[in-house]
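*Asks:* Pasting in a structure now, in structure tokens, and then I'll have a few things to ask.
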Amino acid sequence: MAPDPVNIFEYEEIAKKQLNKGDYDFIAGAATDEITLRRTREVLDSIIMKPRMMVDVSQLDLGTTVLGQKISFPVMLAPAGNHGAAHMEAELATVRAAGKADTLMVLSSHSAKTLEDVAEAATGPIWFQQYFFKDRELTLGMAARAKEAGYSALCLTLDAKIVPKRERNIRNDYVGPVSPNYAHLDLGTHSWKFAADAPAGPSDIRDQATTWTDLEWLAGETKLPIVVKGIMTGEDGRRAAESGAKAVIVSNHGTRYLDTTFTTIEVLPEVVEQVAGKAEVYMDGGIRRGTDIVKALALGARSVLLGRPLFWGLAVDGEDGVSSMLEILRDELAATMGMCGRSSIDSIDLDTLGGISPLQQLFDRK
Ligand SMILES: Cc1cc2nc3c(=O)[nH]c(=O)nc-3n(C[C@H](O)[C@H](O)[C@H](O)COP(=O)(O)O)c2cc1C
């Protein structure tokens, strides 16, 4: 038997061997040249941690809240379509693992299981992710279904209006299933062909005309708090908060839409500054280590979210795989906090980090 993976990268290595190429590439891949995908890890790795001595770290408290809901550590599961690509039990397994870890899962509207079935299997807090559809009744209808099923916030993904060019999917002729959440709509298949005349399935029903006024409208219509996902500039963060979002997720969709953007950690401080406490700020993109979590928190994120790692956990061992993957990150987070002299989430501040290089600071002072 293969040894248990000891970190998230090893989860991916094992998952890669178990998944078929099309599914692996769909999950791991990104837009066009995947330049920002590679830079994401480089930038996170280049940020320096400062170990601190002689601080009482005998009692660590990793707990926090997101929109008033308690989570046992500041790591949530990001909305991601079709967990069925990695495991038969799909989102049912993921949501159970999230509950066991006492954290929150955001369910993608492209889930392999219905949003109602996932809500039924949930033992922890759940949010529902969707889009602005051209059909406003469908937009409100999905949100109402989610509220009815027990989801406590609506996560609106703003960065997926345009069909992206993901070359791995094109080469593999990858066609994904359409979610049973859309069963009543007869949408065909979800092809990633990227040609003007290619059937885009569920992408076709998304509204490309939306502006901030539409967010104000939806915030007024739905009873659920709105979390906006896909913010990559301070100004958009501020506009989102002013238009009624209660939280924003700094995200470039795991670099799956536009390539050669900044990485999310690079724009996080700017978003935090411009949102200026009017909404909570979370971040996703490339989080694979406890040190990454501390870096994001030190730069102002309230919590981070994981995308690809949940698929690696599922592929390795279903619900238990996602659980162990989350526990590895929790242990790494606790160890990092302890070594940095931080005993609570709130105490993780900018002084936890040493910038990019102390040598650069030496030159900056001259
Ligand atoms: C296979 C896959 C499917 C995804 N599907 C969605 C989706 O349906 N809706 C959404 O808002 N984001 C989706 N995302 C983006 C994630 O929510 C998240 O932003 C990203 O994966 C974070 O980066 P990471 O994978 O490096 O952790 C998806 C990501 C992956 C890898």
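*Asks:* For LYS366, list the lysines whose Cα falls under 28 Å from its own Cα; do not include residues on the same chain fewer than 8 positions away.
*Replies:* Straight-distance partners of LYS366: LYS50, LYS295.
*Asks:* Under 11 Å from the 7 Å Cα→Cβ point of MET53, by amide nitrogen: which residues of segment 327-362?
*Replies:* none
*Asks:* Further, regarding this structure: What does the helix-only formula give at 222 nm for the chain: each DSSP H stretch with n ≥ 4 adding -39500 (n - 2.57), the total divided by the residues, and the result rounded to the nearest 500 deg cm²/dmol? Each step should come with its number before you reach the end.
*Replies:* Values: 13 runs with 149 residues, N = 366.
Value at 222 nm, helices only: -12500 deg cm²/dmol.
*Asks:* Note down the nm distance, to one decimal, between modelled labels 7 Å out along Cα→Cβ at LYS21 and at ASP320.
*Replies:* Output for this residue pair reads 3.1 nm.
*Asks:* List, in the order given, every pair from LYS134/LYS223; LYS70/LYS161; LYS70/LYS113 whose Cα-Cα distance in the structure shown is over 22 Å. Intermediate values should be presented prior to the final figure.
*Replies:* Numbers: LYS134/LYS223 20 Å; LYS70/LYS161 32 Å; LYS70/LYS113 25 Å.
Check vs 22 Å cut-off fails for LYS70/LYS161; LYS70/LYS113.
*Asks:* Counting other C-beta atoms within 10 Å, which of TYR282, TYR24 has the fewest, and how do the rest follow?
*Replies:* TYR24, TYR282
*Asks:* Sticking with this one: In the chain, if the dipole is taken from +1 on Lys/Arg beta carbons and -1 on Asp/Glu beta carbons about the Cα centre, which of VAL250, SER203, ILE126 is farthest to the positive end?
*Replies:* Farthest along the dipole direction, towards plus: VAL250.
*Asks:* Using the Karplus curve 6.51 cos²θ - 1.76 cosθ + 1.60 with θ = phi - 60°, what ³J(HN,Hα) values do you get for each residue of segment 279-287, in whole Hz, with x for Gly and Pro?
*Replies:* Values, residue by residue: 8, 6, 10, 10, 9, 10, x, x, 6 Hz.
*Asks:* Around SER303, which amide H atoms from residues at least 5 apart in sequence, or from another chain, sit under 5 Å from its own amide H, with H modelled in the peptide plane?
*Replies:* Amide H neighbours of SER303: MET283.
*Asks:* Fewest to most neighbouring Cβ within 10 Å: what's the order for TYR11, TYR151? Let's see the in-between values first.
*Replies:* Working: TYR11 28, TYR151 24.
Final ranking by Cβ density, sparse to dense: TYR151, TYR11.
*Asks:* Give, as ranges by residue number, the residues of segment 302-331 whose backbone N falls under 20 Å from the point 7 Å along Cα→Cβ of ALA160.
*Replies:* It comes to 304-315, nothing else.
*Asks:* Additional query: Let me know the charge dipole size of the chain about its Cα centre in debye, to the nearest 20, where only the beta-carbon of Lys, Arg (+1) and Asp, Glu (-1) is charged. Don't jump to the answer; show the numbers that get you there.
*Replies:* Numbers: 39 positive and 51 negative charges, 99 e Å.
Value, rounded to 20: 480 debye.
*Asks:* To continue, here is another question. Run the simple label-point estimate for THR211 and PHE363 please: 7 Å along Cα→C-beta, distance reported in nm.
*Replies:* About 4.4 nm, to one decimal.
*Asks:* Among LEU359, ALA301, LEU333, whose Cα projects farthest towards the positive end of the dipole of segment 239-366, with charges put on the beta-carbon of Lys, Arg (+1) and Asp, Glu (-1)?
*Replies:* Of LEU359, ALA301, LEU333, it is LEU359.
*Asks:* Next up: Within the chain, which DSSP H helices have Cα atoms that stretch 18 Å or more along the helix axis and a mean Kyte-Doolittle hydropathy of at least 0.0? Display every interim value, and only then the final one.
*Replies:* On the way: long enough: 136-149 (20 Å, -0.31); 308-339 (32 Å, 0.29).
Length and hydropathy pass: 308-339.
*Asks:* Take VAL228, VAL43, VAL6 and order them by how many other Cβ atoms sit within 10 Å, fewest up front. Show your work: numbers first, answer last.
*Replies:* Values: VAL228 27, VAL43 19, VAL6 9.
By the 10 Å Cβ count, ascending: VAL6, VAL43, VAL228.
*Asks:* Provide the gained length on full extension for the span ASP331 to GLU137, in nm with one decimal, where the gain is 0.36 nm per separating residue minus the Cα-Cα distance.
*Replies:* Details: separation 194, 0.36 × 194 = 69.84 nm, distance 4.45 nm.
Once the chain is fully extended between ASP331 and GLU137, it gains 65.4 nm.
*Asks:* Expressed in whole Å with the largest first, what are the equivalent ellipsoid semi-axes of segment 8-365 derived from the C-alpha gyration tensor as the square root of 5 times each eigenvalue?
*Replies:* On the way: eigenvalues 192, 101, 91 Å².
The equivalent ellipsoid of segment 8-365 has semi-axes of 31, 22, 21 Å.
*Asks:* While we're looking at this one, here's another question. In terms of modelled amide H atoms, which long-range or inter-chain residues lie less than 5 Å from the amide H of MET49?
*Replies:* GLY354
*Asks:* Looking at SER58, ILE348, THR94, which one has the Cα that reaches farthest to the positive end of the dipole of the chain (charges on Cβ: Lys, Arg +1; Asp, Glu -1)?
*Replies:* Positive-end residue among those listed: ILE348.
Bear in mind that the values in this text are calculations on the coordinates, not laboratory data. Note that the coordinates shown come from a computational prediction; the quantities given were computed from them, not determined experimentally. We place every Cβ from the backbone using ideal geometry, glycine too, and count neighbours over all the protein chains shown.
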